[in-house]
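Novice: Here's a structure for you.
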Amino acid sequence: MTNSGVRWVAKLTADSAADIDALLGLSLGLDVWERHDDSLVVAATEAQLQELERRRLVRVDRLTTLAEFEARTRDGPHSGGEGGPV
């Protein structure tokens, strides 16, 4: 069973910009990092993401845990093999 307290960086994709507007109008407690026409990049708990999936409000793509993201950021752009020029 998945720990519902784990925080994720996730991409939420909707069918349209109107669906994103409607999602933002709900009190979901999401930490929105980026907004695009038909998607959001958020930090959210596993429980929040499961609720979005249960309600079929958006497609949820878990990108990385927040702890992994913070570790990569703290270690610098070249530590994980990703990022800019060497």
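The values are calculated or read from the model by the stated rules, or taken from the named source; none is laboratory data. Only a predicted model underlies this, so the values are computations on that prediction, with no experimental measurement involved. All Cβ positions, glycine included, derive from the backbone under ideal geometry; neighbour counts span all protein chains shown. The accessibility values were calculated without ligands, DNA or RNA, using every heavy atom of the protein model including side chains. Shrake-Rupley method; radii C 1.70, N 1.55, O 1.52, S 1.80 Å.
Novice: Which ones in the range 32-42 are closer than 16 Å to Arg62 by Cβ and open to solvent by 70 Å² or more (accessible area, probe 1.4 Å)?
Specialist: Of everything in the range 32-42, those that are closer than 16 Å to Arg62 by Cβ and open to solvent by 70 Å² or more (accessible area, probe 1.4 Å) turn out to be Trp33, Glu34.
Novice: For the range 43-57, name all the residues that are open to solvent by less than 20 Å² (accessible area, probe 1.4 Å) and under 12 Å from Ala14 (Cβ atoms). Give the steps one after another, and end with the answer.
Specialist: Looking only at the range 43-57, we keep the residues that are open to solvent by less than 20 Å² (accessible area, probe 1.4 Å), and these are 43-44, 46, 49, 52.
Correct list: Leu52 only.
Novice: Might you let me know whether the range 19-30 holds any residue that is loosely packed, with under 13 Cβ neighbours inside 10 Å and within 26 Å of Ala71 (Cα to Cα)?
Specialist: Yes, the range 19-30 has at least one match.
Novice: Then there's this: Given the residues Leu28, Leu24, Leu12, which is the only one that is at pLDDT 90 or above, farther than 18 Å from Arg62 by Cα and under 16 Å from the mean Cα position of the chain (by Cα)?
Specialist: After applying the criteria, what remains is Leu24.
Novice: So which strands (runs of 3 or more DSSP E) are wholly in the range 1-67 and hold at least 1 residues that are touching a residue at least 12 places away in the same chain (Cβ under 8 Å) and basic (Lys, Arg)?
Specialist: Numbers: elements: 7-13, 31-35, 39-45, 59-65.
Per the criteria, 7-13, 31-35, 59-65.
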